[in-house]
Amino acid sequence: MIARPQEAAAPGSLRPLLFTVYVPASAYGVGMGAAAPVMTLTALDLGASPAVAGLTVALVGLGQVLGDIPAGQVVSRLGERMSIVAACTAGVIGVLLCLFAPTVPILCAGLTIVGLSNAIWGLARMSYLSEVVPFERRARAMALFGGAMRLGFFLGPILGAAAITGFGARGGFIVQLIAIVLAGYLMARLPDPQSAPPGAVPQTPLSLVAIGRAHHTLLLTLGAGSLLMGAARASRDAVLPLWADHLGVSAATASLIYGLGAGLDVVCSYPAGHVMDRYGRRFIAVPSLIILALGYFAVPLTYSACTLGIAAVIMGIGNGIGNGVIMTIGADIAPAATRAEFLAAWRLTHDGGYFVGPLAVSGLAAVGPLAGAVLTIGAVSVLGAVAMGRYIPVYIPWPRPVERTTVKDAV
């Protein structure tokens, strides 16, 4: 058991972060949610085959994985505020390419750039919250951030549908463009937290390889749990639509089933963060994955839209209570001297799983029964729960700097 360090600041209210972190996070999520349904439709309109059109969605995840590689050095060199500006600028360029793409390759390039933007944007916000929120409220802050993103993703398709009605199939990209600009403007107003004593000599940011070497044991053990959790969470997006189609459920009904689970994601976020702050990260991470596993194991037993909806509710609860747990654990274990660089490596484990999970479902379903693919992801969820239960540290293992900025000081 690792002794917990002394905290310099008493827990403060998260209200000062409402319009500079949480509202922008919801706006950014709205953009992602509005664009998600139109990626495949745009590719089809440009003449792509259904197989190629389906793969375009994975390009955002691929871009996010690739973006995790330099993200730590970018945030360490530029600071959180300028990194947000750079990420939003890249996001705008990517969305504009998608909006006006004349060919499928240009659309794919735009989607990949959007993924790169997501990686840097997410790391900068994660690093910022790690700096300014006291330990006693860290899980609630991270869970609320994740919940705000999911709220936006839940509302995004509704606004996107209205834009599609007025501007055609690419209307969702218009909503995403506006959302990225708004989120970037709101979040860029905060100054960078002061995490080093005045006059300290800036350290050269470490590469991802150097971080991997220095923390290889941690990344191969607890990081494996993070990767499995990412795969378990992301695979839901592939499993529910595929099984709905297998049952002959209409597209509209399948969308409602998915929306039901997505709504529970938002509802469960903040209470789960409160539980993590009170009882520890393991108390939420393990049940989250176990509940997800139960949902996956229940899917092959479903035979109607109603029974599939029950499985979707189970998955929504499991995914919802896990909101913010990966960010919270990352903030706990990140060394203060190389926080941004380490968090980039940590995010890469989860984003890697998030990218590989749906691809694994598709691959397994292509060579065998769909039920086998679903049950395999259920087993992956169980393995993730075992890894999290075994390797999550009881207390934060890294000492904080002498002078730290609190939420109150940062606003």
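The values are calculated or read from the model by the stated rules, or taken from the named source; none is laboratory data. Just so it is clear, the structure is predicted and the values come from calculations on it, not from any experiment. Quick reminder, even Gly has a Cβ in these numbers, built from the backbone with ideal geometry, and neighbours come from all protein chains shown.
Tabulated data for the structure shown
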read-out: Unique match (being under 21 Å from ALA340 (Cα atoms) and either of a type in the set (Asp, Glu) or at pLDDT below 95 (or both)) among PHE173, PHE145; value: PHE145
read-out: Members of the range 40-54 found to be in contact with a Ser or Thr (Cβ under 9 Å, 6 or more places away or on another chain) and either assigned to a helix (DSSP H, G or I) or acidic (Asp, Glu) (or both), listed by number; value: THR40, THR42, ALA43, PRO50, ALA53, GLY54
read-out: Residue selected from the range 148-174 under the condition in contact (Cβ under 8 Å) with a residue 40 or more places away in the chain and more than 26 Å from CYS268 (Cβ to Cβ), by the criterion surrounded by the most Cβ atoms within 10 Å (Cβ to Cβ); value: GLY172
read-out: Counted residues, the range 66-92 - those being closer than 23 Å to THR42 by Cα and either of a type in the set (Gly, Ala, Ser) or buried (at least 18 other Cβ atoms within 10 Å of the Cβ) (or both); value: 4
read-out: Residue in the range 268-276 that is in contact (Cβ under 8 Å) with a residue 24 or more places away in the chain, over 28 Å from ALA34 (Cβ atoms) and surrounded by 21 or more Cβ atoms within 10 Å (Cβ to Cβ) present; value: yes
read-out: Total residues in the range 220-258, condition under 18 Å from the mean Cα position of the chain (by Cα) and within 25 Å of LEU348 (Cα to Cα); value: 17
read-out: Scan of the range 93-117 for residues that are buried (at least 19 other Cβ atoms within 10 Å of the Cβ) and among the β-branched types (Val, Ile, Thr), ordered by number; value: VAL95, VAL104, THR112, ILE113, VAL114
read-out: Criterion violated by PRO134 - all others in (1) within 23 Å of CYS88 (Cβ to Cβ); (2) at pLDDT 85 or above; (3) surrounded by fewer than 21 Cβ atoms within 10 Å (Cβ to Cβ) satisfied; value: (1)
read-out: Test: residue in the range 40-58 that is at pLDDT below 85, surrounded by 17 or more Cβ atoms within 10 Å (Cβ to Cβ), touching a Gly at 6+ places or on another chain (Cβ under 8 Å) and within 24 Å of ILE158 (Cβ to Cβ); value: yes
read-out: Residue within the range 65-78 that is in a helix (DSSP H, G or I), of a type in the set (A, V, I, L, M, F, W, C), free of Cβ contacts under 8 Å to residues at least 40 places away in the same chain and closer than 30 Å to ARG189 by Cα present; value: yes
read-out: Number of the condition not met by ASN323 [criteria: (1) of a type outside the set (A, V, I, L, M); (2) buried (at least 19 other Cβ atoms within 10 Å of the Cβ); (3) modelled with pLDDT of 90 or more]; value: (3)
read-out: Of residues in the range 366-411 being more than 20 Å from MET315 (Cα to Cα) and part of a helix (DSSP H, G or I), the one modelled with the lowest pLDDT; value: ALA410
